Amino acid sequence: MNHQKPSEHCMRPLAGRTAIVTGASRGIGQAIAIALASKGANVAVHYHRQKSLAAATVDACRQFGVRATAIQADVTAETEVEHLMLASTQLGPPSILINNAGLADYGLAMEMSLERFQHIMAVNLTSVFLCTRAAIPYLRRHPHARVVNIASMHGIAGAAMEAAYAAAKGGVIAWTKSLAKELASLRITVNAIAPGAIDTDMLAQFDVEEKAAIVDATPLGRLGTAHDVAAAALFLADPAADFITGQVIGVNGGLLT
Ligand code: NAP
């Protein structure tokens, strides 16, 4: 039996890499940022409004001996996204982009205003376009560059009362598959994660009974955690996932198969 100690590369396969995680102030993005840091990546912790939470994420990342910084931007604003990418280079050229920022919305489609519909599309889908386009000039310089888009189970199955959100996430999935083909020649892989019900602020509008109903319907019998999603993101970001592109990984406890 081989009793050699694991090498530094095995323990910290992302050492020396720079990752940008959008929406890393809390929830799934925060868990992904900390998970990437635990594997050695420097992390640009993007946030929108929650500056102090983003600072806490930065502190948690730094516990792993990596560099991390918080960068504010509205991901629906072209110039702010350009600034986000440029500012992240202070940590080294970014080679991992996690498009995680998102906004859920509940209500009847027939009662939704055009402004609300456009806002939901902008935060969930246009943001992925803007961030990816701005990051490509940096990503293309790295031989194992990664884009991971956080979509949703609803983008595959659809969801009553969440039509705009589901449409945007469906768009993220189609975008992921298209970009995977388009960027393959640059050795940039593009994959998506489609979470089910994950226990973050986004589920706050569900009451105890509604959450219990989701748990009942979930074969693995619980809500997902941000760490469940971060584990999938870490897998896709690892250099070992080099031959995986254009895929959608469900993290949903078996709710959608
Ligand atoms: P969350 O806790 O509500 O966090 C949302 C994040 O997005 C926050 O960091 C927020 O920044 C950021 N954000 C919102 N609007 C923004 C804007 N206009 N510009 C920039 N950043 C903005 O949500 P979560 O549950 O962690 O969700 C993360 C991702 O997973 C989202 O894409 C979501 O659609 C997806 N997802 C979640 C679930 C679930 O059940 N939770 C299921 C499927 C998919 P601030 O904190 O600074 O405001």
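Of (1) modelled with pLDDT under 95; (2) in contact with a Leu (Cβ under 9 Å, 6 or more places away or on another chain), residue 81 satisfies all except one. Which?
Checking residue 81 against (1) modelled with pLDDT under 95; (2) in contact with a Leu (Cβ under 9 Å, 6 or more places away or on another chain), the one that fails is (1).
Filter the stretch 7-26 down to the residues that are farther than 20 Å from residue 131 by Cα and assigned to a loop (DSSP other than H, G, I, E, B), then identify the one that is nearest to the ligand (Cβ to nearest atom).
14
This table checks each residue for (1) surrounded by fewer than 21 Cβ atoms within 10 Å (Cβ to Cβ); (2) touching a strand residue (DSSP E or B) at 6+ places or on another chain (Cβ under 7 Å); (3) at pLDDT 95 or above.
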| residue | (1), (2), (3) |
| --- | --- |
| 89 | yes, no, yes |
| 93 | yes, yes, yes |
| 103 | yes, no, yes |
| 109 | yes, no, yes |
| 122 | yes, no, yes |
| 133 | yes, no, yes |
| 138 | yes, yes, yes |
| 146 | no, yes, yes |
| 149 | no, yes, yes |
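Between a first residue in the stretch 118-136 that is over 17 Å from residue 20 (Cβ atoms) and in contact (Cβ under 8 Å) with a residue 12 or more places away in the chain and a second residue that is β-branched (Val, Ile, Thr) and in a helix (DSSP H, G or I), which pairs have beta carbons less than 8 Å apart while being 6 or more apart in sequence or on different chains?
124/172; 125/172
For the condition farther than 18 Å from residue 19 by Cα, crowded, with 17+ Cβ neighbours inside 10 Å, out of contact with any Phe, Trp or Tyr (no Cβ under 8 Å at 6 or more places or on another chain) and aliphatic (A, V, I, L, M), what is the one hit in 230, 180?
Of the residues listed, the single one that is farther than 18 Å from residue 19 by Cα, crowded, with 17+ Cβ neighbours inside 10 Å, out of contact with any Phe, Trp or Tyr (no Cβ under 8 Å at 6 or more places or on another chain) and aliphatic (A, V, I, L, M) is 180.
Among the candidates 71, 34, single out the residue that is more than 28 Å from residue 240 (Cα to Cα) and under 17 Å from the mean Cα position of the chain (by Cα).
71
For residues that are assigned to a helix (DSSP H, G or I) and free of Cβ contacts under 8 Å to residues at least 24 places away in the same chain, tally how many sit in the stretch 97-117.
Qualifying residue count for the region: 4.
Of the conditions (1) surrounded by 15 or more Cβ atoms within 10 Å (Cβ to Cβ); (2) more than 23 Å from residue 227 (Cβ to Cβ); (3) without any contact (Cβ under 8 Å) to a residue 40 or more places away in the chain; (4) touching a helix residue (DSSP H, G or I) at 6+ places or on another chain (Cβ under 7 Å), residue 158 clears all except one; give me its number.
In the conditions (1) surrounded by 15 or more Cβ atoms within 10 Å (Cβ to Cβ); (2) more than 23 Å from residue 227 (Cβ to Cβ); (3) without any contact (Cβ under 8 Å) to a residue 40 or more places away in the chain; (4) touching a helix residue (DSSP H, G or I) at 6+ places or on another chain (Cβ under 7 Å), residue 158 misses (1) alone.
Looking only at the stretch 215-242, how many residues end up being in a helix (DSSP H, G or I) and of a type in the set (Lys, Arg)?
Qualifying residue count, the stretch 215-242: 0.
Out of all the residues in the stretch 185-201, which are buried (at least 17 other Cβ atoms within 10 Å of the Cβ) and more than 17 Å from residue 232 (Cβ to Cβ)?
Result: 188, single match.
Which residue out of 201, 216 is within 18 Å of the chain's Cα centre (by Cα) and of a type in the set (D, E, K, R)?
After ruling out the rest, the residue left standing is 201.
Only one of these is closer than 29 Å to residue 187 by Cβ and out of contact with any strand residue (DSSP E or B) (no Cβ under 9 Å at 6 or more places or on another chain): 68, 35. Name it.
Within the list 68, 35, the selection yields 35.
The values are calculated or read from the model by the stated rules, or taken from the named source; none is laboratory data. Everything quoted here is computed from the prediction, not taken from an experiment. Cβ coordinates were reconstructed from backbone atoms using ideal geometry, including for glycine residues, and neighbour counts include every protein chain displayed.
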